[in-house]
Amino acid sequence: MNSDYVDRYSTLASYCRKMILPIIVFGGQGLLWQIIVDVYKKEYTKIIIDIHDSFFLQRGGMWFLSSCIIAAIFVVKMHNKLLLLEVFSAFGYAFALLCNTYFFIIEGGEFEKGINIYLDRFVSARNGFFVGIPIFLFGVIIAKQEKRMKEIQWGKLWGQLLLLNFLYIIEIYRLKGLNYQDDCSLFILLPPLAALVFFIGNKITMPYSISLSKKMRIFSKYIFCYHTFFNTYIGGVLYHFTKNGMIQFLYVSLLCIVIFIFSENKKIKILKSLIP
């Protein structure tokens with residue numbers, strides 16, 4: 001067993017362990033809240049449905065972390081078969097689009113029955129197989145082509161970014177009002193646009209220290225993990241009384257900033273341990 005193999009799987013194990021606790025805590029609290037609502041409404045049979053749904057699509061945005069675990073395992077285990085993964089990713093993401101924003105394409109046809117059966121069983125196509133692997137592969141491609149891509153001129157990069165943004169806006173606009181399934185969050189141009197932004201971000205030399213950069217990275221993870229928690233228990237109540245999404249957004253954002261500053265300054269391990 002060579003050192004490269006050991007390092008690869010040791011890194012994978014460490015990566016997966018970091019994801020598990022936030023999935024349990026933040027995904028679990030979302031399920032707990034829904035069960036409380038079901039009990040309050042005396043919809044007791046719905047509790048089983050909610051538990052089933054949460055198993056396949058973790059609440060509080062935690063589906064993305066579970067997707068990262070699945071994708072990381074497949075990419076690491078099949079790192080020598082990237083072409084096969086790329087083909088699977090293309091078909092997998094196309095399937096995810098049909099289960100989401102592009103459902104209208106197959107609506108009314110025979111394929112619609114298959115999509116509905118899948119969604120009844122597995123809730124969503126937003127998972128590691130159909131969304132996680134394609135996103136991870138973009139990272140692998142960027143890493144493998146890093147030297148060649150660094151030689152790309154800035155003018156070409158900014159031109160590509162503007163073009164993709166423009167086409168992305170058109171895609172969203174054209175899909176408005178068409179029938180969809182799930183949460184209408186998957187788009188054809190979203191993965192390549194995100195990959196390009198990521199690449200440009202790595203290429204730019206920012207005028208601040210590495211330590212500040214690390215803090216901002218940690219801060220973004222606090223926002224990701226805690227925003228749904230605050231939105232469930234506080235933001236939702238605020239919106240119920242104010243009917244103002246901006247007030248809801250500002251309060252939830254402020255609470256995320258406060259808990260980040262508080263936990264980082266006071267070195268509260270329990271709050272920091274929930275962040276992947």
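Taking the criterion of being in a loop (DSSP other than H, G, I, E, B) and either closer than 21 Å to residue 191 by Cα or of a type in the set (Val, Ile, Thr) (or both), the only residue of the range 37-57 that qualifies is 57. Residues in the range 230-269 that are modelled with pLDDT of 85 or more and within 19 Å of residue 24 (Cβ to Cβ) were compared, and the one that is surrounded by the most Cβ atoms within 10 Å (Cβ to Cβ) is 230. The residue of the range 17-69 that is surrounded by the fewest Cβ atoms within 10 Å (Cβ to Cβ), among those that are among the hydroxyl-bearing types (Ser, Thr, Tyr) and under 22 Å from residue 118 (Cα atoms), is 45.
If the condition is being in contact with a Phe, Trp or Tyr (Cβ under 7 Å, 6 or more places away or on another chain) and either aromatic (Phe, Trp, Tyr) or part of a helix (DSSP H, G or I) (or both), then the range 86-103 contributes 92, 93, 95, 96, 103.
Considering 142, 200, 133, the condition of being in contact with a Gly (Cβ under 7 Å, 6 or more places away or on another chain), touching a residue at least 12 places away in the same chain (Cβ under 8 Å), surrounded by 14 or more Cβ atoms within 10 Å (Cβ to Cβ) and β-branched (Val, Ile, Thr) is satisfied by 133 alone. Residue count for the range 204-251 satisfying the condition of being among the aromatic types (Phe, Trp, Tyr) and closer than 25 Å to residue 157 by Cβ: 1. Taking the range 59-89 as the range and being under 18 Å from the mean Cα position of the chain (by Cα) and closer than 17 Å to residue 186 by Cβ as the test, the residues that pass are 61, 63, 64, 66, 67, 68, 70, 71, 89. Residues that are among the aliphatic types (A, V, I, L, M), in contact (Cβ under 8 Å) with a residue 24 or more places away in the chain and over 19 Å from residue 59 (Cα atoms) number at least 1 in the following helices (runs of 4 or more DSSP H) confined to the range 229-276: 245-266.
Do you know which of the residues in the range 172-188 that are surrounded by fewer than 16 Cβ atoms within 10 Å (Cβ to Cβ) and either free of Cβ contacts under 8 Å to residues at least 40 places away in the same chain or under 20 Å from the mean Cα position of the chain (by Cα) (or both) is farthest from residue 112 (Cα to Cα)? Filtering first and then ranking leaves 173.
The values are calculated or read from the model by the stated rules, or taken from the named source; none is laboratory data. Model, not experiment: these values are computed from the prediction. All Cβ positions, even for glycine, are placed from backbone atoms using ideal geometry, and neighbour counts span all protein chains on display.
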